[in-house]
1. Confirm whether Asp127 is without any contact (Cβ under 8 Å) to a residue 40 or more places away in the chain, over 26 Å from Val191 (Cβ atoms), in a helix (DSSP H, G or I) and in contact with an Asp or Glu (Cβ under 8 Å, 6 or more places away or on another chain).
2. Go over the candidates Val236, Val217, Val192, Val186 one by one and state the one that is buried (at least 23 other Cβ atoms within 10 Å of the Cβ) and aliphatic (A, V, I, L, M).
3. Suppose the filter is at pLDDT 95 or above, closer than 28 Å to Ala118 by Cβ, of a type in the set (Gly, Ala, Ser) and not in a loop (DSSP other than H, G, I, E, B); does Ala203 pass it?
4. Conditions first: (1) at pLDDT below 95; (2) of a type outside the set (Val, Ile, Thr); (3) over 21 Å from Val188 (Cβ atoms); (4) part of a loop (DSSP other than H, G, I, E, B). Gln13 passes all but one, so which condition is the exception?
5. Please work out which one of (1) in a loop (DSSP other than H, G, I, E, B); (2) touching a His at 6+ places or on another chain (Cβ under 6 Å) is the condition Pro175 fails and give its number.
6. Just name the residue that is nearest to Leu149 (Cα to Cα) out of those in segment 16-70 that are outside any loop (DSSP other than H, G, I, E, B) and among the acidic types (Asp, Glu).
7. I want to confirm something. Restricting to segment 195-242 and keeping residues that are within 15 Å of the chain's Cα centre (by Cα) and of a type in the set (Val, Ile, Thr), which single residue is nearest to Leu32 (Cα to Cα)?
8. Out of everything in segment 126-175 that is surrounded by fewer than 17 Cβ atoms within 10 Å (Cβ to Cβ) and acidic (Asp, Glu), what residue ends up being farthest from Val229 (Cα to Cα)?
Amino acid sequence: MPAELILVHGFTQTGRSWQPVLHALGGRYRALAPDLPGHGDFAARRPASFAACDAYLGALAGDRRITLAGYSLGGRVALHAGLSLGDRVERLVLIGASPGLANASERGARADADAALADRIEAIGLDAFVREWGAQPLFAGMPRGIAELAEADRMRNTAEGLAAALRGLGTGVMPSLWNRLEELTVAVDLVVGERDLKFRAIAERMQAALPDARLHVVPSAGHAVQLEVPGAVADVLAGTEG
């Protein structure tokens with residue numbers, strides 16, 4: 001069955017992380033939630049780069065027009081693909097995402113930090129890294145049961161795959177897309193959690209730069225809105241949010 005919606009997960013996740021949203025959609029879309037390069041089933045089978053992701057998502061879309069949704073790293077991948085795939089993408093839904101770092105020196109410093117973290121992932125192994133990653137302030141306040149599900153999903157990865165993804169898809173190696181936002185003529189929905197102040201500020205800047213964008217701030221949610229309040233994300237996808 002042809003897909004109408006492709007859901008792109010974040011760093012350390014797999015396509016299974018979208019199951020709560022798919023359940024909330026209740027069949028309102030024909031959807032695919034693939035694993036990104038470096039993650040899950042494709043940890044070692046695809047190169048981790050934005051060009052590779054563009055080709056991968058383009059192959060999944062085929063000659064159909066799709067809605068492309070992405071969370072965090074997946075949002076950056078979706079935004080990059082939205083610019084690369086042209087009119088095959090009819091709508092973007094970006095959750096807790098950014099167009100990258102505009103300042104070249106900041107990108108260089110972040111690339112160095114990402115490379116160091118990739119080395120650390122390989123040195124300490126998946127178990128220890130998953131515990132460290134989930135303990136970040138970015139995920140503070142996530143309900144206990146949801147946090148446990150997120151950790152179980154992260155454990156579907158490998159240390160080598162995540163390190164490769166960080167080196168190839170990290171914020172530091174992503175070209176800044178801030179000056180290209182005006183090229184996006186498709187509708188863009190920006191979704192952020194009320195408690196995610198950093199990405200809420202980024203989303204507000206993106207809304208001002210995009211030709212056709214709507215900002216959705218989900219009450220009481222943090223960074224991982226699609227896990228914490230999947231029904232709200234499903235409603236944005238389906239165009240039925242209040």
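1. no
2. That would be Val192, the only listed residue that is buried (at least 23 other Cβ atoms within 10 Å of the Cβ) and aliphatic (A, V, I, L, M).
3. Yes; evaluated as a whole, the condition is true for this residue.
4. In the conditions (1) at pLDDT below 95; (2) of a type outside the set (Val, Ile, Thr); (3) over 21 Å from Val188 (Cβ atoms); (4) part of a loop (DSSP other than H, G, I, E, B), Gln13 misses (1) alone.
5. (2)
6. Asp41
7. It comes out as Val233.
8. This residue is Glu160.
The values are calculated or read from the model by the stated rules, or taken from the named source; none is laboratory data. Here the structure is a predicted model, which means the values were calculated and not measured. With ideal geometry, Cβ positions are generated from the backbone for all residues, glycine too; neighbour counts draw on all protein chains shown.
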